[in-house]
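Each reported figure results from applying straightforward, stated rules to the coordinates on display, with no laboratory input. Everything quoted here is computed from the prediction, not taken from an experiment. Every residue, glycine as well, gets a Cβ built from its backbone with ideal geometry; the counts of neighbours run over all protein chains shown.
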Amino acid sequence: MLNKSFLVLSLLACLAFRVNAEQAVTPPGLEYCTVCHGSQLKGNSNIGAPRLSGLSTWYLSRQLRNFKQGVRGAHPEDVTGKEMMSMVTHLSDQQLTEIVEWITTTESELPRPSISGDIQSGKALYKSCAVCHGEGAQGNEQLGAPKLRGLNDWYILTQLNHFRQGLRGIETRDAFGQQMQAASQILTTEQEATDIASYIQQLSITKSKS
Amino acid sequence: MQNISRREFLSYVGAVGGSSALLKTSLAMGLMTQDSYSGPVKIRPPAPGHKPTVLILGAGIAGLATAFELEQAGYQCIILEASFRPGGRNLTVRNGDKIDEMGNPQICEFDKQDNLYFNCGPARIPGHHRRLLHYCKALNVPLQIKANSSKMAYFHDDKSLNGKPKRIIEYHTDVRGLMSELLWKSADANQFDQLLSQEDVAKLMTFSKTYGDLTENGKYIGSERAGSTTDRMLDYPKPPVPLELKEMLDSRFWYGGLLGAEIYDWCEPLMEPIGGMDAVVNGFLKQLDNAPVLNAQVKKIFNREDGVEVTYERGGQFHTVRADYCFNNIPAYFMKGIENNFSNTYQTALDSIKRGHLFKIAYQMSDRFWERDGIYGGISYTSEPVSQIWYPSHDIHASKGILLGAYTWDPKVSAMFEAMSPQQRLDAGAACGEKIHPGYSQYIENGISIPWARMNHQMGCGMQMSKDDFKQYFPMLQKPEGRHFMIGDQISHHSGWQEGALASSEQALTQLNLMLDKQIYAGGERHVK
């Protein structure tokens, strides 16, 4: 049995490393992920599934665990969160690790702007975000603040609203989520959330160009 | 796509909107079906010695029909299908079949018997769905009548008549009686003097008396048309106590079920293939030169100058294939997740098609208890979340039966079911069924649930576009971009119906013919120069 699973794992590893420059192979059994998150996990706003390529390993692991344990996605009004939760609930810890490894091998084009906020206003508002998420939105593992660069603007906006409205980050087991939930209260309007999301989108493009 | 909103409209908005929508539909459809259908499109055959290649994405009904017609015309087709099975939403499940719900895969545990199957997607064919009926005939798919309505089935509203279900025949009889009484009263009070001559008013009063079974002085006091509380064979009939007008108006009975057999797509008699709707899929498969490539998930679609290039992933390997043309049956909302070089407008048009949330439950019942209650086929309607209960009209008096235990169109109700585990859904459906048929749960042996918006590779049924988007983008999606053609019920006015899928295929093939005409013309010109 052990030998067999070792064989499967090494096969998996071979597949995962057979990175055809930009085309990461979908590990067997994980085809479901690409149905919503798209080719090379580029994201699909029509399904509400964000781009995943480029996210940090530690952040991905934490979120997958949160979904699995019902820490994230349990709020009845968080429809897409709930959809994601049902995909993860049945997976083993080993499978979650495999998913994270696979995500880090995917490469997809940076998202294009899909919302139009006021970038100057967003820049000013982002100053307080930068304390944790970094000036270039590159994230900070020590503080548990994820990289935001490369995320879809519509997704950043949705999540900011979820935090603001208490759909995310209200679980006591979700310490980082709670921090973010508190931090999101500096935003008083939907417009401000839109401005920040647009600014981060802008940041992703400029940073990757430089 | 407008069809579903019309359905919802009729179901949930009410009789006034419903009747005008119904009228519009009938008129529109009436115009459409002036025997305009003369069989599938005759595709321009390729030049001798040429066998143009076509990639078809998705082995749903539109994809299969498109492949069939193109092969007949001399084209070489490859069908790529992301799922482990062909058919798309034409899904009939039997013993042991996998129901590939995202996150909640189920295995159908119906007994292994020919009569125990469930049509999870399309389940009924009206006589005017000429395209589908053409294929059923051409592909030797035997059909039988499907009773879509039974006047012995029930209307149930938890908030009306103390939640007691009422036979549809009783309800229909009472509604006619009550409405006729009002008509009689109005006529008697000279309300129609401006509109009708005295003679015609007299006729109207006679009509209302006949139509509603009124007394000589225009009263509705119940009618034996609704049945009898006595044994009609041995005793004089005694009609059931009729509804009061106020009770009728306060109930939700007339919200949807009242029109259950009156709408053009549900007009009797309806049909179904013997043994399951997937007979249509199998009919196509038998005729195709190449079986669909299964488990092939499309990752990239690129229009090239002289064809279309598609990359798909299958069993951990990427394959890139090129063809002269591509017919795409993939749900449009997935296209954003597939790399492509479509124009922004075309992609925006694709994005305007939104997921639909239809939901079904089916139970294997140990006993066909409904038949003992006089119900042979048809539908009971309820204000409970399950909305409808369908009784099978095939294999009457068999020992067991598959009952449709829920069919919901209201996105909110469907979302509620989607969020539940399969077992929770079955339990919730059973609790609703108890209110219409006491003892319902004790007959349930097993069951399945189909939340279309959570089904792998489909993630929706009954796609919708807003009215404005429809106006702006639908005509655009009916035309090819490059050599890429969108097909499927999503590119029709009749989303959620196989006839819509077939119409989209026919429309796309007509576009292909136009394109071929142009190419030949251009080629001719080049030749001359």
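Cross-link reach is defined here as a Cα-Cα straight distance under 26 Å, omitting same-chain residues fewer than 8 places apart; for residue A:82 the lysines meeting it are A:42, A:68, A:147, B:98, B:299, B:336, B:354, B:360, B:412. Under a straight-distance cross-link criterion of Cα-Cα below 25 Å, which lysines are reachable from residue B:51, leaving out those fewer than 8 residues away in the same chain? Cα-Cα hits under 25 Å: B:42, B:286, B:300, B:479, B:518.
Give the range of the longest stretch in chain A that excludes all GluC sites (Glu not before Pro) found in loop regions by DSSP and having at most 15 other beta-carbon atoms within 10 Å. Could the numbers behind the result be given before it?
Numbers: sites that count: A:22, A:77, A:107, A:109, A:135, A:141.
Formally, the longest exposed-site-free interval is A:142-210.
log₁₀ I(q)/I(0) of chain A at q = 0.09, 0.11, 0.13 Å⁻¹, via Debye over equal Cα point scatterers, no solvent, to two decimals? After summing over all Cα pairs, the log10 values are -0.36, -0.53, -0.74. Of all lysines in the structure, the ones whose alpha carbon falls short of 27 Å from that of residue B:185, not counting any fewer than 8 places away in one chain, are B:166, B:203, B:209, B:219, B:238, B:246.
How about region B:269-319: which GluC sites (Glu not before Pro) there lie in a loop by DSSP and see at most 14 other Cβ atoms within 10 Å?
Numbers: sites: B:305, B:309, B:313; in loops: B:305.
Counting only loop positions with at most 14 other Cβ atoms within 10 Å, the GluC sites (Glu not before Pro) in region B:269-319 are B:305.
Computed FRET efficiency, Cβ-Cβ of residue B:347 and residue B:520, R0 35 Å: what is it to the nearest 0.05? According to the calculation, E is roughly 0.70. Taking all Cα-Cα distances within region B:230-291, those exceeding 19 Å account for 68%. A Förster radius of 30 Å combined with the Cβ-Cβ distance from residue B:372 to residue B:286 puts the calculated FRET efficiency at roughly 0.15. The modelled label-to-label distance between residue A:79 and residue B:98, using points 7 Å beyond Cα along the C-beta direction, is 2.8 nm.
For chain B, the antiparallel share of DSSP beta bridges with both residues in that region comes to about 70%. Each Cα pair under 8 Å and six or more residues apart adds its sequence gap; the mean of these over the residue count of region B:447-515 is a relative contact order of 23 percent.
Full extension from residue B:191 to residue B:233: what is 0.36 nm times the residue separation minus their Cα-Cα distance, to one decimal in nm? Working shown, then result.
Working: separation 42, 0.36 × 42 = 15.12 nm, distance 4.24 nm.
Length gained, residue B:191 through residue B:233: 10.9 nm.
Give a quick list of GluC sites (Glu not before Pro) in region B:234-279 that DSSP marks as loop, anything other than H, G, I, E or B, with at most 16 other Cβ atoms within 10 Å.
On the way: sites: B:244, B:247, B:262; in loops: B:244, B:262.
Those satisfying the criteria are B:244, B:262.
Taking the C-alpha atoms only, the angle from helix B:498-528 to the longest principal axis of chain B is near 30 degrees.
Using alpha-carbon positions, what is the distance between the centroids of region B:205-221 and region B:322-395, in Å? About 43 Å separates the Cα centre of region B:205-221 from the one of region B:322-395.
Return the inverse of the average 1/r over all pairs of distinct C-alpha atoms in region A:119-209, which is the Kirkwood hydrodynamic radius, in Å to one decimal. Mind dumping the intermediate values first?
On the way: mean 1/r = 0.0770 Å⁻¹.
Kirkwood hydrodynamic radius for region A:119-209: 13.0 Å.
Compared with the dominant Cα axis of chain B, that is its longest principal axis, helix B:61-73 is turned about 50°.
Across region A:31-105 the C-alpha pair distances fall into 5 Å bins from zero in the proportions 3, 17, 26, 30, 19, 4, 0 percent. Within the protein assembly as shown, the proportion of C-alpha pairs whose separation exceeds 53 Å stands at 19%.
What GluC sites (Glu not before Pro) in region B:58-140 are in a loop by DSSP, with at most 15 other Cβ atoms within 10 Å of the Cβ? Provide the component values of the computation, followed by the final result.
Details: sites: B:69, B:71, B:81, B:101, B:109; in loops: B:81, B:109.
Of the GluC sites (Glu not before Pro), the ones in loops of region B:58-140 whose Cβ has at most 15 other Cβ atoms within 10 Å are B:109.
Here region B:38-129 is described by how far its Cα atoms reach on the three principal axes: 52, 34, 22 Å, from widest to narrowest.
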